Amino acid sequence: MPHQTARGERTIAPPLHVSGPGGPWDTVRENLERDGSAVVFATWGEWLTAALSDSELRPLLGRDWQRYRRTENAAMRYCFVASRMVVKYTAAAALRTEPAALDLAYKIGGRPYIRGFDQIDISLSHTDDLIVVGVSRTGRIGVDTESAKRKISFELFHDHMCTPAEHAELTRMSQDRQTSELLRLWTLKEAYTKALGQGLRLGFTEFGFGLESGRLIAPDGSPASRDEWAFATFPVLADRYLVSVACHDTGLDTARDTAVHTMLDEGFMGAVEEGLASA
């Protein structure tokens, strides 16, 4: 079962499986409109045929074309091209435009963004053959994924990734649950630091999560946010992987319509029209 928390009534919907360029992109848009965010996952093998048969691959990849061509390792090259296609198709679904029309760029540290369209935030993670992409219209988003079979030793890693409050909770658990909770904590912390744009530069012992509440906490266990963050962890691909998501809500009443060609705030436009009518 997914472990999830919410800000108020807001939830994070389970990741959607997009097995190729066909989507389901309508559901991505529905999740984005309803929840403020959407997360998708795919395997690079599912997208490989589409990538290799796309006569417009070069304009679709844009600035990433040269990196794709220079990558000598075949598996790395195919994973790279598939991940960029999933990012662009997901962003295009959110913006209601064509993937090739978007310019995928990177900030210092490698965080991707769509140049010229700051109405959405995106995050990318991959491991083995899995690709995960998150998109948000309400603030920053971070996603992370790991194999569910990965074992993280409590004895070896607790000094490097656990706050005192987390350590106290974990020591009261059975070894099996301790191992699974450590993996969930790892992916949550990765997702949160990615959302912040910090990556591993922010020490994992500097913040934590309540293992029962799932909420962001300070090292001493006190609340570290006013619920402006929502977090969730989901199993995907027959429980082979865990996907964790961190979503920030700026608290602003963002426009639900993120389409490139509209991007109008209906409330604001209604007020303008009323003002013009009464003038």
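Across region 234-252, not a single residue is classified as in contact with a strand residue (DSSP E or B) (Cβ under 9 Å, 6 or more places away or on another chain), of a type in the set (A, V, I, L, M) and at pLDDT below 85.
None of R69, R29, R34, R84 is assigned to a helix (DSSP H, G or I), charged (D, E, K, R) and farther than 30 Å from G139 by Cβ except R69. Among the conditions (1) of a type outside the set (K, R); (2) at pLDDT 90 or above; (3) closer than 20 Å to I152 by Cβ; (4) within 18 Å of the chain's Cα centre (by Cα), the only one that G214 does not satisfy is (2). Looking across region 95-126, just one residue is under 16 Å from the mean Cα position of the chain (by Cα), surrounded by fewer than 16 Cβ atoms within 10 Å (Cβ to Cβ) and not in a loop (DSSP other than H, G, I, E, B), and that is Y106.
Does V18 satisfy being modelled with pLDDT of 95 or more and either open to solvent by 60 Å² or more (accessible area, probe 1.4 Å) or closer than 21 Å to T138 by Cβ (or both)? So V18 fails the test.
Return the residues of region 127-144 that are open to solvent by 30 Å² or more (accessible area, probe 1.4 Å) and more than 24 Å from P219 (Cα to Cα); say none if nothing qualifies.
First, pick out the residues of region 127-144 that are open to solvent by 30 Å² or more (accessible area, probe 1.4 Å): 128-129, 140.
Residues satisfying the conditions are D128, D129.
Considered as a group, the residues in region 145-182 that are of a type outside the set (A, V, I, L, M, F, W, C), closer than 24 Å to L124 by Cα and modelled with pLDDT of 90 or more include one that is surrounded by the most Cβ atoms within 10 Å (Cβ to Cβ), and that residue is T145. The residue that is farthest from the chain's Cα centre (by Cα), counting only those in region 183-208 that are among the charged types (D, E, K, R) and at pLDDT 90 or above, is R184.
Sub-7 Å Cβ pairs linking a first residue in region 30-42 that is at positive phi to a second residue that is open to solvent by 10 Å² or more (accessible area, probe 1.4 Å) and among the basic types (K, R), at least 6 apart or interchain, are G36/R10; G36/R137, ordered by first then second residue.
The values are calculated or read from the model by the stated rules, or taken from the named source; none is laboratory data. Predicted, not measured: the structure shown is a model, and the values here were computed from it. Methodologically, a virtual Cβ is constructed for each residue, glycine included, from the backbone with ideal geometry; neighbour enumeration extends over all protein chains shown. Ligands, DNA and RNA are stripped out before the accessible areas are found, and what is left, the full protein with its side chains, is counted by its heavy atoms. Shrake-Rupley method; radii C 1.70, N 1.55, O 1.52, S 1.80 Å.
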